[in-house]
1. Please list 123-133, 59-69 highest first by mean number of surrounding beta-carbon atoms within 10 Å per residue.
2. Of LEU141, ILE167, LEU188, whose Cα points farthest to the positive end of the dipole of the stretch 132-188 (charges on the beta-carbon: +1 Lys, Arg; -1 Asp, Glu; origin at the Cα centre)?
3. Starting with the fewest neighbours, write out TRP189, TRP221 ranked by other beta-carbon atoms found within 10 Å of each beta-carbon.
4. Based on Cα coordinates alone, diagonalise the gyration tensor for the stretch 16-159, multiply each eigenvalue by 5, take square roots, and list the semi-axes in whole Å, largest first.
5. Taking 8 Å as the Cα distance limit and 6 or more residues as the minimum spacing, I'd like the relative contact order of the chain as a percentage.
6. Peptides 169-179, 203-213: what's the order by average Cβ count within 10 Å, highest mean first?
7. Give me the distance between the Cα centres of the stretch 181-238 and the stretch 99-117, rounded to whole Å.
8. What size of dipole, in debye to the nearest 20, comes out for the stretch 1-83 about its Cα centre when the only charges are +1 on Lys and Arg C-beta atoms and -1 on Asp and Glu C-beta atoms?
Amino acid sequence: MSLLRDHDLARAFDHASHTYDSLTSLNPGYRTDLLRSARRLRLPGDGAGLHILDLGCGTGASTLALLRAAPRARITAVDASAGMLRRATAKPWPAHVRFLHLTAEEVAAADEGPFDAVFAAYLFRNVTDPDALLGSVRTLLRPGGRLAVHEYSLSGSRTHRALWTAICRGVVIPAGTLTGDRALYRHLWHSVLAFDTAPAFRDRLTRAGFTGVRAAPVAGWQTGIVHTFLARNGLRAEGAGLPAGDGAGTAKERTR
């Protein structure tokens, strides 16, 4: 199956935007896992004085996770789908959160940075050139800035690959078919199978020049299917104000 890309994918998300929150709410742990990944950035002082980029914000679930993890940070959230953004901006937000209709690739040219941290949820397997986007992310991040990628990236185990296919065939695609979005949810199924395994994406981040790269699994049924990838933009800069550790699996997170 050919995957949806660029404008075709944005249009598919536009069409699915009116039911997207309802469908994701059926996924146990969806929002909890996003919050866990946002907290793994370990932004100090509730994010006071920091500027965070939510890259591929969709209907705002990832933005809300960032707001809860760093309530005093300034957050810029971007997405290529106008429909998804309409759903996001219809929700109540504080003044220090704003939304922009931009593709991930357009953010660097829009002169929106630099950012102290970038959060990207369910994005990289959907872009045509993930290496080019990682290069752009590095230009957007301050030296020592943090990256957290929350992504469907299989462990490499045949068991997890089979589990993902079973869930897509038995739950995800039938639900998407009922809403008229079968093509998008078939894309979801195949895009995960075609994307990097967790070790491969960790290696991709290292090749792109990120340091301190590691992957941490999420909890529940998605263990081995969804991972948080944590990295830094080079060595920690003097005065950057960000902690040196990645914080995966901290005691605070384990109690959530």
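Quick note: the coordinates plus some simple rules give every number you see, no bench work behind them. The shown structure was predicted, so the numbers you read here are calculated from the model rather than taken from an experiment. Here Cβ is always computed from backbone atoms with ideal geometry, including for glycine, and neighbour counts include all displayed protein chains.
1. The densest-packed peptide leads the list: 59-69, 123-133.
2. Farthest towards the positive pole: LEU141.
3. Listing TRP189, TRP221 from fewest to most nearby Cβ atoms yields TRP221, TRP189.
4. Working: eigenvalues 86, 69, 57 Å².
The answer is 21, 19, 17 Å, longest axis first.
5. 22
6. Packing proxy ranking, top to bottom: 203-213, 169-179.
7. So the two Cα centres are separated by 20 Å.
8. Computed charge dipole of the stretch 1-83: roughly 460 debye.
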